[in-house]
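A short write-up of the structure that comes next.
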Amino acid sequence: MIRGKRLSWNVWYGVKYRFHPLFSIMLLISVLTGYFIETATLFGIVFIHEMGHVVAAKSFGWRVKEVQLLPFGGVAVVEEPGGVPAVQDLVVALAGPLQNLWMMLVAVVLTAYGLLPAEWGAYFVKANLLIALFNLLPVLPLDGGKVMQTLVGLWLPYQKTLQVAAVASLLLSVLLIAASAFHLSTEQGGIQLNWLMIGLFLCFSNWYELRGLPYRFMRFLVHRESRLKKAWVQGAPAGPIVVHGRRKVADVVRLFMRDRYHLIYVLDDHGYISHVLPERTLLESYFDETKRGRAVSELFV
């Protein structure tokens, strides 16, 4: 164990596990209030959930930077190689909730055979169900948000996909904060602190995501050629992009979609094809800052 100023780090399966400073406080409170078993069970479920993501990500060769155990759950911080196939994103995102599914099934079977107390078995099933359903909400960086982003990317260009997913997640995060504060006006009164903390965390994460969109898009472009090399070496259907010659190079590159190799058809003022360009040619111009803002017709026609 390596101790820092405020956090403790454990390394297992080649991954660092970071515990939030409030983690130990919550455990202490659970001991004092007699809910230690319930709290420990929740964190155990979260740990197995996150390990599902870790194992799936590492099986695809992704780099798993760390797993953060927070007071209200956990987050597996992965660094996937830019431009990975959409199916990998889906598998890694759904690997967490799948752990909750098999844990629920095991608990139901053990309870049915009397190997688990009925009350504890019901609590274990309910906890897994709540954690799975919460993580499937269509809000980044939750699993459901990643699934939503991947599916949107099947129809929209990647740069637009990043924008839509981040903005939608930010708005839903704000709604979650508003919903938790709404309880002030109910008969119960008070703010639902758990949901408020989660909403604030999600809101901050998505605001950070919005600010980091140019970086993520650039990573997507940098790794794009190596990821799609197989498509143009072995042969694969191309995704055509039709643009007028006056369109800027940067505008055309923003139309690129994941998992598709593009051929760019450049039209003249009369609507006739004046040039057909492979996407590599556009990428080379995009990475040259002196050409990025110039019209396609200026450079290639």
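The values are calculated or read from the model by the stated rules, or taken from the named source; none is laboratory data. Model, not experiment: these values are computed from the prediction. So basically every Cβ, Gly included, is an ideal-geometry build from the backbone, and we count neighbours across all protein chains shown. These accessible areas exclude ligands, DNA and RNA; they are computed on the full protein's heavy atoms, side chains included. Shrake-Rupley method; radii C 1.70, N 1.55, O 1.52, S 1.80 Å.
Could you size up the charge dipole of the range 60-167 around its Cα centre, putting +1 on the beta carbon of Lys and Arg and -1 on that of Asp and Glu, and report it in debye to the nearest 20?
Numbers: 5 positive and 6 negative charges, 25 e Å.
So the magnitude is around 120 debye.
What is the spin-label model distance, in nm, from ALA86 to HIS270 if the labels are put 7 Å beyond Cα along the C-beta direction?
3.8
Skip the ligands, DNA and RNA, and give the accessible area per residue of the range 37-119 with a 1.4 Å probe, whole Å².
45
In the range 216-299, what % of DSSP beta bridges are antiparallel (nearest 5)?
Taking every DSSP beta bridge with both residues in the range 216-299, the antiparallel ones total about 50 percent.
Ignoring ligands, DNA and RNA, what percent of the accessible area of the range 243-301 is carbon or sulfur (1.4 Å)?
Looking at the range 243-301 in its full context, I get 48 percent from C and S.
Using modelled backbone amide H atoms (1.01 Å from N, in-plane), which distant-in-sequence or interchain residues come within less than 5 Å of LEU137's amide H?
Amide H neighbours of LEU137, under 5 Å, 5+ apart: GLY144.
Non-local amide H neighbours of HIS275 (under 5 Å, H modeled in plane, Pro and chain starts lacking H): which ones?
It is VAL266, by chain and number.
Provide the FRET efficiency to the nearest 0.05 for the ALA40-GLU66 pair, computing r from the beta carbons and using R0 = 30 Å.
The formula returns an efficiency of 0.90 here.
So between TYR113 and PHE134, what do we pick up on full extension, going 0.36 nm a residue minus the alpha carbon distance?
4.6 nm
Could you please state, rounded to a whole Å, how far the C-alpha centre of the range 228-281 is from the C-alpha centre of the range 139-155?
After rounding, the separation between the Cα centres reads 26 Å.
So if each residue of separation counts as 0.36 nm, and I subtract the Cα-Cα distance between LEU154 and ASP288, what length gain in nm does that give?
45.4 nm
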